[in-house]
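Remarks on the structure that follows.
The values are calculated or read from the model by the stated rules, or taken from the named source; none is laboratory data. These figures come from a predicted structure and were not determined experimentally. As a convention, Cβ positions derive from the backbone with ideal geometry for all residues, glycine included, and neighbour counts pool all protein chains shown.
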Amino acid sequence: MEDRAVPLTELERRLSAFKQAMEAKGIDGAFIVQDADMAYFSGDESWQWLYIPTHRDPMLCPNHGALPPEGGLGQVVGPMEDHEIGASVADYCGRLPKILGLEMDVLPFNLFEHYRAIFQDPQCVDISPIILFLRAIKSEWEIAQMEKTAQITQEAFRYMTQVISPGLSEMELAAAAEGFVQEKTSLPIGLRIRDYKSEGYPWHVLSGSNGGRLGLLDSPASGEGTSAAFPCGAGPKKLKENEPVMVDFAYEYKGYHIDETRMFSVGPMPDEARRASEAVIKIHDAIIERARPGVRAGELFDISVSMAEGLGYGDEYLGPPGHKVSFVGHGIGLELIERPFIARGKEDILHPGMTFAIEPKMVFKDRFGTGVESVFVVTEDGGRLISKVPVEIFVSEG
């Protein structure tokens with residue numbers, strides 16, 4: 001597949017919108033160190049840091065011992081030691097910022113104090129809400145990148161239908177899928193997340209009773225995992241004939257993520273699990289049908305809960321009683337999980353260009369789990385799927 005270089009017009013659009021938002025809040029400049037934000041504004045995450053003044057071009061500093069990445073907009077400075085940053089910014093901009101934007105949702109306290117001292121104790125404000133709002137609305141170019149990722153995951157799911165078999169462990173099925181995409185793209189799987197208490201991984205394969213296993217994740221079911229040190233996702237359990245297998249597979253291709261779930265079985269799936277799997281597909285389709293500009297995210301969540309109750313799955317939907325999650329979808333793009341969330345009580349309004357992974361799931365505690373997940377984009381007149389994997393139950397012959 002062709003190389004991806006972010007067009008300069010794309011970077012210019014992002015920087016212009018960001019500077020306007022900073023100026024409206026009286027922020028003099030933003031010091032960017034988080035990888036996804038770095039990639040968004042510069043086109044490459046491998047810079048050491050990025051400083052975006054409101055009224056000048058950005059400053060980009062490469063890492064020590066590394067050549068500056070190609071492309072991007074702004075003035076390349078350094079590399080330099082941290083104690084040199086303040087003088088460099090003051091020299092370039094004429095003065096240090098009085099109000100400095102930092103990514104406070106991810107910045108450790110010690111680094112916050114370090115950077116505040118470097119800039120000689122300015123007023124520091126959280127720039128993350130502005131960045132995450134801008135990133136939530138994707139351009140046509142960004143959506144095209146997600147479409148390319150979806151082509152790869154479509155082939156990965158097709159491959160899994162060919163290799164799934166009784167006696168294969170959950171981890172072996174997950175490894176087969178990972179190996180397939182790595183061979184196809186020559187890129188290792190790496191999922192970028194902004195979370196604190198979990199790590200990104202692509203091997204969420206839960207079979208039989210593991211699909212009903214609760215645990216660490218803020219997710220309806222966590223699975224067994226590889227060990228007590230990582231108690232979520234695929235484990236050593238062997239797949240059996242005629243049992244539901246939930247495969248939640250995520251992949252990132254050159255920056256942009258796709259997150260999808262489909263149900264599998266080797267041989268006919270038991271009727272109870274099949275009916276539940278069909279029910280989550282109905283909920284999935286209803287959410288996408290009703291997603292359109294101007295709709296509140298919380299309204300879509302409420303619709304999904306009401307529909308689950310109407311189908312007779314109120315107790316199992318989004319987790320068993322006492323362990324239910326409060327979301328049915330999340331934004332997705334440069335990170336696996338982004339704002340906004342399709343969750344209970346969320347007042348976020350859907351806009352054209354927003355992309356979501358919608359994932360209605362059910363947990364039959366200690367018995368099995370079922371779910372479906374696809375990525376869709378909000379359009380001017382509604383929504384459409386970016387995911388290309390057929391929205392169906394995959395049944396292989398035993």
| task | Given the conditions (1) farther than 29 Å from MET160 by Cβ; (2) touching a residue at least 60 places away in the same chain (Cβ under 8 Å); (3) buried (at least 23 other Cβ atoms within 10 Å of the Cβ), report the number of the one that PRO293 does not fulfil. | result | (3)
| task | Filter segment 152-191 down to residues that are in contact with an Asp or Glu (Cβ under 8 Å, 6 or more places away or on another chain) and farther than 16 Å from TYR256 by Cα, then give me how many there are. | result | 5
| Quick one: is PRO293 more than 26 Å from ASP366 (Cβ to Cβ), assigned to a loop (DSSP other than H, G, I, E, B), in contact with a strand residue (DSSP E or B) (Cβ under 9 Å, 6 or more places away or on another chain) and not charged (D, E, K, R)? | yes
| message | Can you pull out every residue in segment 137-167 that is farther than 30 Å from PRO7 by Cβ and in a helix (DSSP H, G or I)? | response | PHE157, ARG158, TYR159, MET160, THR161, GLN162, VAL163
| Among GLY345, GLY369, which is in contact with a helix residue (DSSP H, G or I) (Cβ under 6 Å, 6 or more places away or on another chain), over 29 Å from LYS148 (Cβ atoms) and crowded, with 22+ Cβ neighbours inside 10 Å? | GLY369
| said: Where the second residue is among the basic types (Lys, Arg) and at pLDDT 95 or above and the first is farther than 13 Å from ASP82 by Cβ and assigned to a helix (DSSP H, G or I) and lies in segment 113-136, which pairs have Cβ atoms under 9 Å and are six or more apart or on separate chains? | reply: ILE130/LYS25; LEU134/ARG14; ARG135/ARG14
| task | Among the residues of segment 2-22, write down those that are part of a helix (DSSP H, G or I), of a type in the set (D, E, K, R) and within 22 Å of the chain's Cα centre (by Cα). | result | GLU10, ARG14
| All positions within segment 23-52 that are free of Cβ contacts under 8 Å to residues at least 60 places away in the same chain, farther than 21 Å from GLU142 by Cα and either part of a loop (DSSP other than H, G, I, E, B) or more than 28 Å from the chain's Cα centre (by Cα) (or both) | GLU23, ALA24
| request: Spot the failing condition for ALA250; the list is (1) under 12 Å from GLU359 (Cα atoms); (2) in a strand (DSSP E or B), and only one is missed. | output: (1)
| query | If you check ILE118 against the conditions, is it in contact with a strand residue (DSSP E or B) (Cβ under 8 Å, 6 or more places away or on another chain) and either over 17 Å from LEU336 (Cβ atoms) or surrounded by 14 or more Cβ atoms within 10 Å (Cβ to Cβ) (or both)? | reply | no
| said: Any residue that is of a type outside the set (Phe, Trp, Tyr), in the same structural domain as SER222 (by TED's automatic domain parsing), surrounded by 16 or more Cβ atoms within 10 Å (Cβ to Cβ) and at positive phi - is there at least one of those in segment 255-267? | reply: yes
| remark: With the first residue restricted to segment 263-276 and required to be of a type outside the set (S, T, N, Q), and the second required to be at pLDDT below 95, Cβ contacts under 9 Å at 6 or more apart or on different chains are PHE264/SER396; VAL266/SER396; VAL266/GLU397; VAL266/GLY398; GLY267/SER396; GLY267/GLU397; GLY267/GLY398; PRO268/GLY398
| message | Pairs please, first residue from segment 217-241 and over 22 Å from ILE337 (Cα atoms), second anywhere and in a loop (DSSP other than H, G, I, E, B) and among the aromatic types (Phe, Trp, Tyr), Cβ atoms under 9 Å, 6+ apart in sequence or on different chains. | response | THR226/TRP203
